[in-house]
């Protein structure tokens, strides 16, 4: 539970536990302070102090809808419209994203970003996050990057991909980002590269993929 204390001058002091969801918390606090002070809902109407030792993690899967977009519906969209629908949450995200706890957050033509929060359900026998987790993130962001370049009625699938695991990922690593970018896009073959970085920008893993492009 968060703690909120109002001083005589109307300032609000807020303490977050590490597990509390930041985005929802800030919005709720905004409304609480506005109601308490009776002032307009504007940033200058009050001051907020965060006293948590570190920012609480945001759950990538919170408020997400999961499922599969039908083949007929996908045919009505370009690849970019499809991937942007995943990022904007107007389309359901594939269910393995729920299983592994990742989310598609950015999508432009030829570039896709996925974020995740590794935890202790993903560990290998050595106690670090299994390499298959990194492989899935890279396969996903690189494949979707290629997808984002496709016209209506065109699909893609992975032919092969290769990854290199540069640094270990643990349940203490925090939020990581997987970014895929297209290298080449032809009529039948598309290639892309991807990298995974931590919140400090350090490289954790990288890879390349080759995708088959076909009519759906």
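Worth a mention:
- Pair residue 199, residue 70: separation of 7 Å Cα→Cβ label points (nm): 4.2
- Å³ per residue enclosed by the Cα convex hull of the range 121-180: 106
- The coefficient of translational diffusion for the range 71-215, derived via Stokes-Einstein from the alpha carbon Kirkwood radius under 37 °C and 0.692 mPa s, stands at 215 µm²/s.
- Sequence of 66, 102 once ranked by neighbouring C-beta atoms within 10 Å, starting from the fewest: 66, 102
Every read-out reported here was derived from the displayed coordinates using simple, explicitly stated rules and does not represent laboratory data. Just so it is clear, the structure is predicted and the values come from calculations on it, not from any experiment. No Cβ is skipped: glycine too gets one built from the backbone with ideal geometry, and neighbour counts run over all protein chains shown.
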